[in-house]
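Any read-out appearing in this document is the output of simple, stated calculations on the displayed coordinates, not a laboratory observation. Remember, predicted model here, so these are calculated numbers, not experimental data. Positions of Cβ are generated from backbone atoms using ideal geometry, with glycine treated the same way; all protein chains shown enter the neighbour counts.
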Amino acid sequence: MTEAQPTPTPLLKRRPTSWRHPGFRQIVRAWVFTNLADSALFLMLAVWVKELTGSDGAAAMVFVLMGLPSLLAPFIGQIADRYSRKRLLTRANFLMVPILASLFAVSDSGRLWMIFIVVFFYGTMQFLTASAGSGLIRDLLPDSELASGNGTLQTIDQGLRLVSPLLGTALYVAFGPYAVVALTLACFAATGFLMSRLVITESPPAVREAGSSYWNEIGAGFRHLFTTPTLGTLTIVLTVAFAVIGMVNAAIFPLMEKGLGLEPAMLGVLISLQGVGAVAGGITSSTVVVRFTEKGAIAAGMALMGVGLVPFIGSNVPLAFLGMVVLGVGVPWVVVGYMTLRQKLTPPQLQGRTAAASNVALSLPQTVTTMAAAAMIDAIDYRILFVAAAAVTMLSVLAVIRTRQPVSA
């Protein structure tokens, strides 16, 4: 059903329209705690493993194990659609408390396996939150306010990514790893408590269709994602674009040392600049969606990302810093536009599986291209990767513009 679009409001409005829903305000409070835990812990774990073992490879395994649960995302999405999402997230957050508490038993490299197991469960929790959370937001908000809700959550995500790693690092340096574990444990407990008190009328859990196999139900999210008009085309376009952009992750240190003449330690400055842009992008994303539709927000965001990549082909440091901010603004516009469209075009009983399918479709190819680029970065000019990423990103803008905006969105 087509809904009337709200009257456009100023880009920096005081309060999102989604805030008027008590259930959404409860979700936001829980979101703050879960993202605080997320941003504070995962970098600390890699540093802790490095200090325990002295091995770069062992530290890198933290990031590998964090992403490994993406292979389980379709199964996680199935669970998110089969049960009450509120109860699922409540119990899962409370379950993370004893899992994280096991880290207090780690005192030397002989118990490194305990850290790796915790990291795997931690990564699984992230995918469960994404899959179940998508359905909860869809149940809480009308179509006209989904962009506002998604933009608010994106702003929280990006804002805490600026603050939480610094907090985690400060705690680690001052009091050791157990202090960060304690903070994260408390955050998961708080999230579980807040989720248990969430006021929401949930859509009924999905039931298996007669004659449908378990594996057929698992794949329902992928089928919906790629066969739904407009949504399928945009997913393919973004998958290709993000996969190519993933190559520049492997080129970041050659860029800094050979192109910009900066020390590797300056990477933190670049990431912070992107974070500042991403916060601005999160704040403005819902208004961009309202004014220009979901498709327009995706196209505008991709254009900003393409423009932001161009300065990295050269060696001008101020332009590179500006490019990082522009790139940061574009990412939330793309994410909020795509997420809002996906939620609108997906039935309630498929929200978890479709969210999981989109996470795999957009993140897994990017991981593969990053690994491939890392394997050949010493043999090619790093600028080729930035040229390719900028070109494909700008071409994707044309592909998005030519995609039909669905009537129901």
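About its Cα centre, what dipole magnitude does the chain give when the only charges are +1 on Lys and Arg Cβ and -1 on Asp and Glu Cβ, stated in debye to the nearest 20? Mind showing how you got there, number by number?
On the way: 27 positive and 18 negative charges, 231 e Å.
Charge dipole of the chain: 1120 debye, to the nearest 20.
When only alpha-carbon atoms count, how far does the stretch 286-339 stretch along each of its three principal axes, as whole angstroms with the largest first?
Each principal axis gives a Cα extent; for the stretch 286-339 these are 37, 16, 14 Å.
Give me the Kirkwood hydrodynamic radius of the stretch 312-382 in Å, from all C-alpha pairs, to one decimal place?
Final number for the Kirkwood radius of the stretch 312-382 is 15.2 Å.
Using only Cα atoms, figure out Rg for the stretch 167-260 and give it as a multiple of 2.2 N^0.38 Å.
1.83
With θ set to phi - 60°, apply the Karplus curve 6.51 cos²θ - 1.76 cosθ + 1.60 along the stretch 83-88 and write out the HN-Hα couplings as whole Hz, x wherever there is a Gly or Pro.
Each residue's phi maps through the Karplus curve to give 10, 4, 5, 4, 5, 4 Hz.
Enter the per residue convex hull volume of the stretch 57-103, computed from alpha-carbon coordinates, in Å³ rounded to the nearest integer.
74
Across the stretch 197-325, how large is the tail of the calculated P(r) beyond 26 Å, expressed as a percent of all Cα pairs? The partial results should precede the final answer.
Details: 3871 of 8256 pairs.
Cα-Cα pairs in the stretch 197-325 separated by more than 26 Å: 47 percent.
Considering amide H positions built from the backbone, and no H for Pro or chain starts, which residues 5 or more places from Thr230, or on another chain, come under 5 Å of its amide H?
Long-range HN contacts for Thr230: none found.
So, how do all the Cα-to-Cα distances of the stretch 39-83 break down into 5 Å bins, in percent, from 0 on up?
Percent of pairs per bin, in order: 5, 21, 20, 15, 12, 12, 8, 5, 2.
State the percent of C-alpha pairs, over all pairs in the chain, separated by a distance greater than 30 angstrom.
Cα-Cα pairs in the chain separated by more than 30 Å: 42 percent.
How about the stretch 130-210: which trypsin sites (Lys or Arg not before Pro) there are in a DSSP loop, with at most 13 other Cβ atoms within 10 Å of their Cβ?
Those satisfying the criteria are Arg197, Arg208.
Sort largest first and round to whole Å: the equivalent ellipsoid semi-axes of the stretch 126-178, each the square root of five times a Cα gyration tensor eigenvalue.
Semi-axes, largest first: 32, 13, 6 Å.
Add -39500 (n - 2.57) for each DSSP H run of 4 or more in the chain, then divide by its residues: what number comes out at 222 nm, to the nearest 500 deg cm²/dmol?
Calculated at 222 nm, the ellipticity per residue is -25500 deg cm²/dmol.
With only Lys, Arg, Asp and Glu charged, each at its Cβ (+1 for the first two, -1 for the last two), find how big the charge dipole of the stretch 151-261 is about the Cα centre; round to the nearest 20 debye.
That gives a dipole near 100 debye.
Mind telling me which of Ser134, Ser18, Ser213 comes out most flexible in a GNM of the chain, alpha-carbon contacts under 10 Å?
Taking springs between Cα atoms under 10 Å, the residue moving most is Ser213.
At q = 0.26, 0.34 Å⁻¹, what is the log10 ratio I(q)/I(0) for the stretch 232-272, with the Debye formula run over Cα points and no solvent?
-0.83, -1.06
I need the GluC sites (Glu not before Pro) found in the stretch 149-245, filtered to DSSP loop residues with at most 11 other beta carbons within 10 Å of theirs.
In loop regions of the stretch 149-245 (DSSP not H, G, I, E or B), the sparsely surrounded GluC sites (Glu not before Pro) are Glu209.
Jot down the per residue volume, in cubic angstrom and as a whole number, of the convex hull over the alpha-carbon atoms of the stretch 259-409.
Residue-normalised Cα hull volume stands at 121 Å³.
Using packing as a proxy for protection, rank 145-155, 164-174 so that the peptide with the highest average count of other Cβ atoms within 10 Å comes first.
Packing proxy ranking, top to bottom: 145-155, 164-174.
Would you mind putting 270-276, 88-94, 63-69 in packing order, based on average other-beta-carbon counts within 10 Å, highest first?
88-94, 270-276, 63-69
Separation of the stretch 304-319 and the stretch 38-82 by C-alpha centroid, Å?
31
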